[in-house]
Amino acid sequence: MALLTWKDLVPSLPQEKSFSSSGEVKAKEILLLQGPSGAGKTTLLRTLARLHPRISGNIWLNGKPCEDVPPSRWRRSVHYVAPQMLANATVLENITYPFRFSIYKKETPPLRMTVALLLNELGLDEGILAQEARTLSSGEVARVALVRAILIEPIVLLLDEPAAPLDEKAKEKLASFLSRWVAGGERGILLVSHQGMEGVTRTMSINKTH
């Protein structure tokens, strides 16, 4: 079953760099998006998350047009994972930060134990929760951002080079983590990675720019 579908999607870009893309992310799959540098892979992810405007084309989530879903709810369900932190806040404060917004007002922030277990699966110790985010390495930030995204329970994760700042052992843990996550429910992942990743179930290429 297709969770996220897009047809003839043209992001808003300078005319000489414009491209069109069609595709779908199915349940329980990790779809690898390939293409040369500058082809627009990151732009496509951000357009699918409704963080970047589009000129034309359509996007559906579980068969429902994106226009029928409020942007804040869409971005929760189709979540672009940005490795960004509040520098002077602790890691735990960064992870629970989304639950301050009205879209989550009826939900309980995740328990520290739950957060610690997810971090451990990615090779991070619970002690990191008390650190200020500015003390983290780029690899730690990437994994903390992923945990934060998982906890808001998206349907589709949009990941842009999540393994780039990781060593080989951490990459293996990340691949296992993502494979378990997609297998655990009706959810999927659209992944950009120049290095590839274990657990990918299908690949697609972005159309050439023109």
Averaged across orientations, what area in nm² does the convex hull of the alpha carbons in the range 15-59 project? 3.7 nm²
Once phi is turned into θ = phi - 60°, what whole-Hz ³J(HN,Hα) does the Karplus curve with 6.51, -1.76 and 1.60 give for every residue of the range 68-79, x standing for Gly and Pro? 8, 10, x, x, 5, 6, 4, 5, 6, 6, 10, 9
What base-10 log of the normalised intensity I(q)/I(0) is obtained for the range 1-75 from the Debye formula, alpha carbons as equal point scatterers, at q = 0.22, 0.27 Å⁻¹? -1.06, -1.44
Go through 161-173, 30-42 and give me the packing order, highest mean Cβ count within 10 Å leading. 30-42, 161-173
With the radius of gyration and the Kirkwood radius both derived from the Cα set of the range 36-154, what is their ratio Rg to Rh? 1.01
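Give the accessible surface of the range 1-81 per residue, rounded to a whole number of Å², with probe radius 1.4 Å and ligands, DNA and RNA excluded.
Values: 3720 Å² over 81 residues.
For the range 1-81, the solvent-accessible area averages 46 Å² per residue.
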Share antiparallel - DSSP beta bridges, the chain, percent rounded to 5: 45 percent
Computed over the Cα atoms of the chain, what is the ratio Rg over Rh, Rh following Kirkwood? 0.96
At q = 0.11, 0.12, 0.26 Å⁻¹, what base-10 log of I(q)/I(0) does the Debye formula yield for the range 122-210 when every alpha carbon is treated as an equal point scatterer in vacuo? -0.34, -0.40, -1.53
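Taking the Cβ of residue 77 as the center, what net charge do the other residues with Cβ under 13 Å away carry, scoring Lys and Arg +1 and Asp and Glu -1?
Details: positive: 50, 64, 73, 75, 76, 187; negative: 68, 153, 186.
Here the charged neighbours net out to +3.
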Any chance you could list P(r) for the range 147-191, counting all Cα-Cα pairs in 5 angstrom bins from zero, rounded to whole %? 5, 20, 32, 27, 13, 4
Taking 0.36 nm per residue of separation and subtracting the Cα-Cα distance, what length does fully extending residue 68 through residue 112 add? 12.3 nm
Taking H as built 1.01 Å from N, whose amide H comes closer than 5 Å to the amide H of residue 4, not counting residues under 5 places away? 25, 62
At a Cα cut-off below 17 Å, give the aspartates and glutamates reachable from residue 26, other chains included and same-chain residues fewer than 8 away excluded. 153, 186
Report, in whole Å, the centroid distance computed from the Cα atoms of the range 1-79 and the range 162-192. 20 Å
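Percent of accessible area on the range 1-151 owned by carbon and sulfur, 1.4 Å probe? Mind showing how you got there, number by number?
Numbers: 3880 of 7510 Å².
Whole-percent figure for carbon plus sulfur exposure: 52.
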Over the range 159-210, what percent of the accessible surface lies on carbon and sulfur atoms, probe 1.4 Å? 48 percent
Computed Kirkwood radius, in angstrom, where 1/r is averaged over Cα pairs of the range 94-167: 13.2 Å
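The values are calculated or read from the model by the stated rules, or taken from the named source; none is laboratory data. This one's a predicted model, so the numbers in the text were calculated from it and none came from an experiment. For neighbour counting, all protein chains shown are included, and Cβ atoms are generated from backbone atoms with ideal geometry for every residue, glycine included. The area values use the complete protein model at the heavy-atom level, side chains included, leaving out ligands, DNA and RNA. Shrake-Rupley method; radii C 1.70, N 1.55, O 1.52, S 1.80 Å.
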